[in-house]
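The values are calculated or read from the model by the stated rules, or taken from the named source; none is laboratory data. These numbers come from a predicted model, not from an experiment. FYI the Cβ positions are ideal-geometry reconstructions off the backbone, even for glycines, and counts take in every protein chain you see.
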Amino acid sequence: MAEAVFLHLVRAADLSDRIEVDSAGTGDWHIGSRPHKGTLAVLKKNGVPVDSRARQVRLEDLSEFDFIVTMDETNSKNVLALSREAPRAHVSRLLDYVPDELEKNVPDPYFTGDFDGVYHLVGLGCTHLLEYIRQKFEI
């Protein structure tokens, strides 16, 4: 969901040539699969296109990307555990970019069933993340 929302925002800002967007999970159980039907439904309802399949995060991602943005603290720890060396990529949670958001972990809608609530949090986080990147790189 976050990949689709962030990519949608990047395209709307005409920054596709400056910002690369990719997504990966820390587990291997959904490799090659399309997003959950609840995710697809909430994205469609909000006019956000999605054309991706799941892959698992790789060690190389830590050196190939500037940012690795996770949904929660567990995912951040799992990403950082991939390497004994400090990653080049800045690893953070999506809601870390939202200044007044007290909750910093995005719940997994697969377990909660609240795809609309998660969409709201993801949209908020992606909006602030894009603004952060635009300011940091002056784009």
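The single residue among 83, 76 that is in contact (Cβ under 8 Å) with a residue 24 or more places away in the chain and small (Gly, Ala, Ser) turns out to be 83.
Considering the conditions (1) farther than 16 Å from residue 134 by Cα; (2) part of a helix (DSSP H, G or I), residue 11 is excluded by exactly one of them, (1). Scanning the range 36-67 for residues that are touching a Ser or Thr at 6+ places or on another chain (Cβ under 8 Å), over 15 Å from residue 122 (Cα atoms) and crowded, with 16+ Cβ neighbours inside 10 Å returns 54, 55, 57, 62.
The numbered conditions (1) surrounded by 13 or more Cβ atoms within 10 Å (Cβ to Cβ); (2) farther than 13 Å from residue 2 by Cα are all true for residue 119 except (2). The residues listed here are 124, 102; of these, the one that is modelled with pLDDT under 95, aliphatic (A, V, I, L, M) and more than 18 Å from residue 75 (Cα to Cα) is 102. Going by the structure shown, is residue 117 within 25 Å of residue 17 (Cα to Cα), part of a helix (DSSP H, G or I), modelled with pLDDT of 95 or more and small (Gly, Ala, Ser)? For residue 117, the condition - within 25 Å of residue 17 (Cα to Cα), part of a helix (DSSP H, G or I), modelled with pLDDT of 95 or more and small (Gly, Ala, Ser) - is not met.
Quick one: is residue 110 buried (at least 17 other Cβ atoms within 10 Å of the Cβ), in contact with a helix residue (DSSP H, G or I) (Cβ under 9 Å, 6 or more places away or on another chain) and not acidic (Asp, Glu)? Criteria not met by residue 110.
Regarding residue 42, is this residue at pLDDT 95 or above, closer than 15 Å to residue 109 by Cα and over 12 Å from the mean Cα position of the chain (by Cα)? It would help to see each step written out before you state the result.
Details: at pLDDT 95 or above: yes; closer than 15 Å to residue 109 by Cα: yes; over 12 Å from the mean Cα position of the chain (by Cα): yes.
The answer is yes for residue 42.
Looking only at the range 83-91, decide whether some residue is part of a loop (DSSP other than H, G, I, E, B) and modelled with pLDDT of 95 or more. The answer is no, given that none of the residues of the range 83-91 is part of a loop (DSSP other than H, G, I, E, B) and modelled with pLDDT of 95 or more.
Out of the range 21-46, which residues are farther than 24 Å from residue 74 by Cα and touching a residue at least 24 places away in the same chain (Cβ under 8 Å)? 41, 42, 43, 46 - these are the residues of the range 21-46 that are farther than 24 Å from residue 74 by Cα and touching a residue at least 24 places away in the same chain (Cβ under 8 Å).
Just to be sure, is residue 96 acidic (Asp, Glu), modelled with pLDDT of 95 or more and within 14 Å of the chain's Cα centre (by Cα)? For residue 96, the condition - acidic (Asp, Glu), modelled with pLDDT of 95 or more and within 14 Å of the chain's Cα centre (by Cα) - is met. For the range 14-39, taking the residues that are of a type in the set (Ser, Thr, Tyr) and over 15 Å from the mean Cα position of the chain (by Cα), the one that is modelled with the highest pLDDT is identified as 16.
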